[in-house]
Amino acid sequence: MPVHLSAGLVVVRDWRDDDAEPMTRQAADRRVWLGLRDRFPHPYTVDHARQFIASASAASPATDFAIEVDGHVAGGIGYQVREDVERIGAEVGYWLGVEFWGRGAATTALRLLTAFVFDRHPALRRLYGLPFGWNVASARVLAKAGYRHEATLRQAVIKDGCVYDQLVFAILRDELSSDSAP
């Protein structure tokens, strides 16, 4: 079943083949890459986008989606359900192209995704995000979407040769309210 979640000008939807070039335009900026895990390549190419879209489209159920703002591909958002003893949780992640920063799109997309994931996976108790400690904007997105700061993991990650703290923000199913819904 296709995913199409919307609130105002922001849409979270399935990736499409024709998203590869606009995705690349947004993802190729080094400032985007600096806030993401190393599995997100840099420099980002159209081939990377095509491979990612093919993989995301083949997944069942789909867990990676495009963020669209006013009809334009702006970034991506997704989640990973954990396994073993952590199977009652899922990690969320998101990114936006620089031209879409500071407009509330990531917060709206995360609110949409949060409600969707809890609805789709009744056994999940918590969703969490793990921004780098320096990434105040990403921490603000999580907080505005209703996630609470639970911990700071000191010197927990390395990116571009630098060691950083990592923040833990989470929301529990029973904390989802009208304040955190889109």
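The values are calculated or read from the model by the stated rules, or taken from the named source; none is laboratory data. Keep in mind it's a predicted model, so treat the numbers as computed, not measured. When we count neighbours, we look across all protein chains shown, and the Cβ atoms used for this are built from the backbone with ideal geometry, even at glycine. Ligands, DNA and RNA are stripped out before the accessible areas are found, and what is left, the full protein with its side chains, is counted by its heavy atoms. Shrake-Rupley method; radii C 1.70, N 1.55, O 1.52, S 1.80 Å.
Quick notes on this one:
- For the range 110-169, the square roots a ≥ b ≥ c of the C-alpha gyration tensor eigenvalues yield an a/c of 1.5 or more together with a/b exceeding b/c, which makes the shape prolate.
- Helix content alone sets the calculated 222 nm mean residue ellipticity of the chain: runs of n ≥ 4 DSSP H residues at -39500 (n - 2.57) each, divided across all residues, give -8500 deg cm²/dmol.
- Accessible area (Å², 1.4 Å probe, nearest 10) - Ile171: 0
- Relative contact order of the range 1-91, defined on C-alpha pairs under 8 angstrom at six or more residues apart (%): 30
- Qualifying trypsin sites (Lys or Arg not before Pro) for the range 31-64 [loop in DSSP, other Cβ within 10 Å: at most 15]: Arg37, Arg39
- Two-decimal Rg to Rh for the chain - Kirkwood Rh, Cα set: 0.93
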